[in-house]
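Asker: Dumping the structure here so I can ask a few things about it.
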Amino acid sequence: MNSGITLFSFAIFLVIFLGVGALAAKVSDNTESDYLLGNRSFGKYFIGLSAGATTNSGWIMVGAVGFAYSTGVSSLLLIPVMFLGDLTFWTFFPDKINRISREQDSQTIPEFLGSGVQKTREKRTIAFIVGLLAVSFLTLLTVAQFSAAAKTLNVFFGLDPKIGATIAALSILFYCVTGGLRASIWTDVVQAFVVVFVSFGMLGVALVAGGGIPDIVSQLHEIDPQLTNFFAGYNPWTLIALIVGFFSLAFGFDISQPQVLIRLLAGRSPEEAKAAKWTYLGYVYSTWTAMMLFGIICRVLVPSLADPEQALPLYASENFPPFLVGIILAGIFSVIASTADSLILVTSSALARDISPALHQKMSSRYGIKYEQLVTLLVGIAALVGTIFVSAKVFSLVLFVGGALGGSIGPAMLIILIKRRTHYLALSLAMMAGMSTCIIWQLVGWSSIFNETLPGFVVALCLHEVLMNKVFKLKKDNNIV
């Protein structure tokens, strides 16, 4: 492979991404509202595509491809189950989130959750806890994205993973630091179109190379009959566990991930936020399905891979002309960048504003938006350092973080959205209990049987109701709303 030509074609797209980000920074009015929410100016297509691009992450072209490569057609069971979970959230909650954020003037997700109580001190307590959860877990998720980028560049150019991660981080930080959420959303939309082109292009090529569906199925069966068994490894009880568990994961992911929810806060109106549903679902599930199918076919085309998560870049580098390889690399980079920039921005806003509001007020009054930009830069550097020293499977790390946030922030969001009476201590303890349940569930190995999101959700909600009915039932002050 001529790496020079590949690098050139990839660089064209990289320059486009950076140019869009620079344009967003140029039209910004340099206010905190613009940096954090783009002045709430986005319509349904921008919300849907940006939220979808952020959700996809390195998951679909690295983690999901590797998972499908390893497990075969049974991996496709996840798609309809998680679709129903996503559909439930996007049908009932986006407009409520946008409306409440406008009423309370919430500019971050920790602030949004703090709006569930009335006293300033209690609001800050909730915002601090949620901010701490966001910083802790979303930094890990950023590490997963940089790790996916490092694996990809290693395959295409033989780059040391540390160098690959550094290149990815610096490219993303270039526009992320200067343009804020506006730059993130604008580049997301451009990157989404690249991802669609690459996803369906790769699937089409793989289908032809495999000789069509009948030949592919036959060859999979020869490799291992379980690869063609739609219910391989499942009995009726484990199948029910998968359906309930991954439905909960999808719903819990949507209602708990700050990097996705912030797009709903940035919507032009509650109506626009709700109308983004089909744009989001269409983009996410079409590209994800294409990549899962590609991963299954790759088991025939490039068998016996040491690292299944490198299936897409390995196949592309060995079977495509250099110029097209660069375009495919741009597609992989797009899903990584569109998630990583969002994660960095949400983490930095939580660190700058919600964990230490007094410091934020002091530094912002002195340095203005430059303080937010500095924290964004530091968060990106911290994630890069973590990537260099932490080795983890992208698929596993994404599932772990999704479960932990789903079981902690998710229940708190639901309580606020359905306007359930709450108390700041009850809400705080519920989040801690849900997070602890998810982590313990993972550590004892039960997540392989049943995804931990639902147990975390149930424990958190039950504890909240017990506390509200037994401990705080006589409290009739402003802490309860």
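The values are calculated or read from the model by the stated rules, or taken from the named source; none is laboratory data. Because the structure is predicted, anything quoted here is derived from the model rather than measured. No Cβ is skipped: glycine too gets one built from the backbone with ideal geometry, and neighbour counts run over all protein chains shown.
Asker: List pairs: first residue in region 79-108 and touching a residue at least 12 places away in the same chain (Cβ under 8 Å) and within 15 Å of residue 278 (Cβ to Cβ), second residue among the β-branched types (Val, Ile, Thr) and part of a helix (DSSP H, G or I) anywhere in the structure, Cβ distance under 6 angstrom, at least six positions apart or on different chains.
Answerer: Listed by first residue and then by second, the contacts come to 89/255.
Asker: Looking only at residues that are in contact with a Leu (Cβ under 7 Å, 6 or more places away or on another chain) and assigned to a helix (DSSP H, G or I) in region 437-463, which one is farthest from residue 257 (Cα to Cα)?
Answerer: Step by step, filter region 437-463, then rank; the result is 463.
Asker: Which one of 168, 232, 192 is aliphatic (A, V, I, L, M), over 30 Å from residue 342 (Cα atoms) and out of contact with any Gly (no Cβ under 6 Å at 6 or more places or on another chain)?
Answerer: Among 168, 232, 192, only 232 is aliphatic (A, V, I, L, M), over 30 Å from residue 342 (Cα atoms) and out of contact with any Gly (no Cβ under 6 Å at 6 or more places or on another chain).
One line per residue, one yes/no per condition, for (1) assigned to a helix (DSSP H, G or I); (2) modelled with pLDDT of 75 or more; (3) surrounded by fewer than 22 Cβ atoms within 10 Å (Cβ to Cβ); (4) not acidic (Asp, Glu):
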residue: 391; (1), (2), (3), (4): no, no, yes, yes
residue: 398; (1), (2), (3), (4): yes, no, no, yes
residue: 404; (1), (2), (3), (4): yes, yes, no, yes
residue: 412; (1), (2), (3), (4): yes, yes, no, yes
residue: 419; (1), (2), (3), (4): no, yes, yes, yes
residue: 429; (1), (2), (3), (4): yes, yes, yes, yes
residue: 432; (1), (2), (3), (4): yes, yes, yes, yes
residue: 435; (1), (2), (3), (4): yes, yes, no, yes
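Asker: Oh, and also: Can you tell me which residue among 267, 295 is surrounded by 21 or more Cβ atoms within 10 Å (Cβ to Cβ), under 23 Å from residue 220 (Cα atoms) and in contact with a Gly (Cβ under 9 Å, 6 or more places away or on another chain)?
Answerer: Only one candidate passes the filter, namely 295.
Asker: Somewhere in region 23-44, is a residue in contact with a Leu (Cβ under 6 Å, 6 or more places away or on another chain), surrounded by 16 or more Cβ atoms within 10 Å (Cβ to Cβ), at positive phi and part of a helix (DSSP H, G or I)?
Answerer: yes
Asker: Residue by residue through region 330-358, note down the ones that are at pLDDT 85 or above, within 17 Å of the chain's Cα centre (by Cα) and either of a type outside the set (A, V, I, L, M, F, W, C) or surrounded by fewer than 24 Cβ atoms within 10 Å (Cβ to Cβ) (or both).
Answerer: Listed by number, the residues that qualify are 341, 342, 347, 348, 349.
Asker: Look at region 234-245 and say how many of its residues are surrounded by fewer than 12 Cβ atoms within 10 Å (Cβ to Cβ) and either touching a residue at least 60 places away in the same chain (Cβ under 8 Å) or not in a helix (DSSP H, G or I) (or both).
Answerer: 1
Asker: Cβ contacts < 8 Å: first residue closer than 25 Å to residue 26 by Cβ, restricted to region 354-378; second residue not in a helix (DSSP H, G or I), any location; separation 6+ or different chain. Result?
Answerer: 368/30; 369/30; 369/31
Asker: Give just the number: which of (1) surrounded by fewer than 22 Cβ atoms within 10 Å (Cβ to Cβ); (2) under 23 Å from residue 245 (Cβ atoms) does residue 72 not satisfy?
Answerer: (1)
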